[in-house]
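*Asks:* My questions will all concern the structure given below.
Just so you know, all these numbers are worked out from the coordinates, no wet-lab data involved. Predicted model, so just to flag it, every value in this text is computed and none were measured. Backbone-built Cβ (ideal geometry, glycine too); neighbour counts: all protein chains shown.
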Amino acid sequence: MASEGGHHGPQTSGEYIAHHLQNLQVCKSETGDWVWNECAGNPMAINVDSMFWSLFLGLVFVLLFRGAAKKASAGKPGKLQAFVELVVDFIDSSVKDTFHGKSTLIAPLALTVFMWVFLMNLMDLVPVDWIPMASQAIGVPYMKVVPTTDVNITFGMSIAVFILVLFYSIRNKGFGGFVAELTLHPIAPPLKGVGLLAAPFIIAFNFILESVALLAKPLSLSLRLFGNMFAGELIFILIALLGVWQLPLHFGWAVFHVLIVTLQAFIFMMLTVVYLALASESH
Amino acid sequence: MDINMTLIGQTIAMVVFVWFCMKFIWPPIMTAIEERQTQIADGLAAAERGQQDLEKAKSEAAKIVDEARKQASGILDQAHARANEIVSEGKADGVKERDRQLIAARAEIEQEANRAREELRGQVSAIAIASAEKILRREIDGKSHEDILNKLAAEL
């Protein structure tokens with residue numbers, strides 16, 4: 001394993017990369033004690049670093065915007081209020097373009113998702129060694145600072161979105177409508193005559209097809225974000241191995257990554273809204 | 001990169017953050033934005049109204065000035081006419097006065113001339129009588145020839 005607990009030994013490139021991709025984990029071992037970083041394959045483990053940075057950045061968003069919201073007045077806005085209103089207005093118009101129903105949840109959800117994912121992605125621009133090395137210095141062996149490079153984090157969010165999609169589908173179309181949507185599309189089963197014999201097969205076929213389509217939504221939503229951020233992080237790590245040439249390359253990739261950071265946050269937000277819009281519109 | 005409890009933790013965190021945003025962040029900001037929008041719209045409308053009022057006041061002022069100008073020129077015309085009238089009246093009065101004085105002067109002159117003539121006539125007749133007396137004292141008695149002398153004096 002790579003250097004642990006502040007121990008600095010000679011490191012191969014493979015070890016360096018593996019160390020950077022290792023989460024700080026805690027879990028209960030078979031003996032019932034809480035253990036750190038011996039949790040491979042344990043489904044009850046918690047990635048402490050992902051969770052910490054995720055919550056920290058969520059709080060940054062919440063406190064920043066709450067501070068602006070508390071002082072928000074219709075008069076001349078301050079600089080923070082102007083910035084917050086800019087973001088809020090941008091989200092609001094994006095949501096209104098896509099989601100035509102009335103909902104007090106969708107727009108705040110989109111704002112939270114956008115700002116939170118954006119801040120988490122933004123951690124990618126902190127040079128890859130700074131925080132891990134600083135935490136090693138104080139005795140924390142692993143520190144993955146970009147929560148969105150952890151598939152648990154992206155899945156956690158997409159599952160929340162998926163639950164909302166199911167909730168909206170059933171609320172707006174009824175349970176029957178939801179089931180009908182899963183079974184009567186895309187091939188309408190015949191309702192009379194000899195074709196009735198084929199109906200169960202057609203329904204089964206539709207169900208399989210539509211279930212895959214339904215489940216693909218949260219899966220693609222989370223894997224898209226995870227894949228983009230993980231790949232970006234990996235390239236930062238690889239660039240960091242290059243010695244002095246890393247400086248211009250790092251700069252170039254960081255500039256390009258600013259785009260990815262923003263774009264992925266926007267895509268995640270937009271798709272969330274689109275899925276919820278599809279769920280609440282009956283066709 | 002295994003799936004573990006972090007997933008559930010993130011889901012719970014997301015629910016909490018979204019709920020907080022929905023309750024305490026979104027509504028006040030939206031309220032402020034919408035309030036400002038109506039304020040701006042009101043302000044623009046008020047500005048428009050002010051502009052219209054200004055326009056109206058301007059045209060009204062122009063109308064008033066126009067009227068005043070018209071009145072002034074009317075007064076001026078009247079004054080001119082009155083002045084002309086006075087001048088012509090004066091002229092006419094002057095002419096009349098002159099004529100009157102002229103007539104009076106003429107009458108006086110004539111009167112004076114008549115008086116002078118009368119006087120002269122008296123004197124001449126007196127002179128004539130005196131001279132005739134002187135002549136006749138020698139030849140004729142004055143008393144017998146008085147009627148002739150009187151006739152002579154009247155003829156002079």
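*Asks:* For B:Ile135 paired with B:Val15, estimate the spin-label separation in nm (one decimal), with each label point 7 Å from Cα along the Cα-to-Cβ line.
*Replies:* With each label point 7 Å from Cα toward Cβ, the separation is 17.6 nm.
*Asks:* Less than 26 Å apart at the alpha-carbon level, and either on another chain or at least 8 residues along: which lysines does that give for B:Lys56?
*Replies:* List returned: B:Lys70.
*Asks:* Could you work out how far apart the two model spin labels at A:Phe52 and B:Ala45 are, taking each label as a point 7 Å from the Cα in the direction of the beta carbon, and quote it in nm?
*Replies:* It is 5.6 nm.
*Asks:* A further question follows. Where a ≥ b ≥ c are the square roots of the eigenvalues of the C-alpha gyration tensor, would you call the range A:122-202 rounded, which needs a/c under 1.5, or, failing that, prolate if a/b is larger than b/c, or oblate? Please report the intermediate quantities before stating the final value.
*Replies:* Details: a/c = 5.60, a/b = 3.81, b/c = 1.47.
Here the range A:122-202 falls in the prolate category.
*Asks:* Give me the number: length gained by fully extending A:Ile170 to A:His100, i.e. 0.36 nm times residue separation minus the C-alpha to C-alpha distance, one decimal in nm.
*Replies:* 23.4 nm
*Asks:* Is the shape of the range B:2-155 rounded, prolate or oblate, going by the alpha carbon gyration tensor and its root eigenvalues a ≥ b ≥ c, with a/c under 1.5 for rounded and a/b larger than b/c for prolate?
*Replies:* On the way: a/c = 19.51, a/b = 15.54, b/c = 1.26.
Since a/c reaches 1.5 and a/b is larger than b/c, the shape of the range B:2-155 is classed as prolate.
*Asks:* Where the convex hull is taken over the Cα atoms of chain A, what is its projected area averaged over directions, in nm²? Could the numbers behind the result be given before it?
*Replies:* Working: hull surface 84.8 nm².
Convex hull of Cα atoms, orientation-averaged projection: 21.2 nm².
*Asks:* Sorted by packing (mean other beta-carbon atoms within 10 Å per residue), highest first, where do B:3-15, A:141-153 land?
*Replies:* In descending order of packing, they fall as A:141-153, B:3-15.
*Asks:* Just need the relative contact order of the range A:103-173 here, percent rounded to a whole number, with Cα pairs under 8 Å and 6+ apart.
*Replies:* 24 percent
*Asks:* Picking from A:Leu191, A:Val161, A:Ala231, whose Cα lies most toward the positive end of the charge dipole for the range A:13-280 (charges on Cβ: Lys, Arg +1; Asp, Glu -1)?
*Replies:* Most positive-ward Cα: A:Leu191.
*Asks:* Please work out the Cα convex hull volume for the range A:36-135 and give it in Å³ per residue. Please report the intermediate quantities before stating the final value.
*Replies:* Numbers: hull volume 17.3 nm³, N = 100.
Convex hull of Cα atoms, per residue: 173 Å³.
*Asks:* Would you calculate the separation in nanometres between label points at B:Thr38 and A:Leu191, each defined as 7 Å from the Cα along the Cα-to-beta-carbon direction?
*Replies:* Each label point is offset 7 Å from its Cα along the Cβ direction, giving 4.9 nm.
*Asks:* Which whole-number percentage describes the relative contact order of the range A:13-280, with Cα contacts under 8 Å and a sequence gap of 6 or more?
*Replies:* It rounds to 25 percent for the range A:13-280.
*Asks:* Taking the 0 to 90 degree range and rounding to the nearest ten, how far is the long axis of helix A:79-98 tilted relative to the main principal axis of chain A, both from C-alpha atoms?
*Replies:* Between helix and principal axis, roughly 30 degrees.
*Asks:* Could you tell me the calculated FRET efficiency between B:Ile109 and B:Ile75, based on Cβ-Cβ distance and R0 = 41 angstrom, to the nearest 0.05?
*Replies:* So, using R0 = 41 Å, E works out to roughly 0.25.
*Asks:* Using alpha carbons only, how many angstrom separate the centre of the range A:227-274 from the centre of the range A:35-105?
*Replies:* Computed from Cα coordinates, the inter-centre distance equals 21 Å.
*Asks:* Quantify how strongly other chains surround peptide A:68-75 by giving the mean number of their Cβ atoms within 10 Å of each of its Cβ atoms.
*Replies:* That works out to 6 on average.
*Asks:* A further question on this structure: Name the residue farthest towards the positive end of the dipole of the range B:2-155 from the options B:Gln37, B:Ala79, B:Gln111, assuming +1 on Cβ of Lys and Arg, -1 on Cβ of Asp and Glu, about the Cα centre.
*Replies:* Checking the options against the dipole of the range B:2-155, the answer is B:Gln111.
*Asks:* Find which of A:Pro77, A:Asn23, A:Leu109 sits farthest along the positive direction of the dipole of the range A:13-280, computed with +1 on the beta-carbon of Lys and Arg, -1 on that of Asp and Glu, about the Cα centre.
*Replies:* A:Pro77
*Asks:* Give me the percent of Cα-Cα pairs in the range A:188-241 that sit more than 18 Å apart, rounded to a whole number.
*Replies:* Roughly 60 percent, once rounded to a whole number.
*Asks:* A 23 angstrom limit on the alpha carbon distance is what I want to check against. Which of A:Lys70/A:Lys144; A:Lys70/B:Lys23; A:Lys71/A:Lys102; A:Lys96/A:Lys173; A:Lys76/A:Lys102 exceed it? Before the final figure, lay out each step's value.
*Replies:* Details: A:Lys70/A:Lys144 33 Å; A:Lys70/B:Lys23 12 Å; A:Lys71/A:Lys102 27 Å; A:Lys96/A:Lys173 21 Å; A:Lys76/A:Lys102 29 Å.
Table pairs above 23 Å Cα-Cα are A:Lys70/A:Lys144; A:Lys71/A:Lys102; A:Lys76/A:Lys102.
*Asks:* Could you give the size of the charge dipole of chain B about its Cα centre, using +1 on the Cβ of each K and R and -1 on the Cβ of each D and E, expressed in debye and rounded to the nearest 20?
*Replies:* 320 debye
*Asks:* Another one. Compute the normalised compactness of the range A:77-153: alpha-carbon radius of gyration over 2.2 N^0.38 Å, N being the residue count.
*Replies:* 1.52
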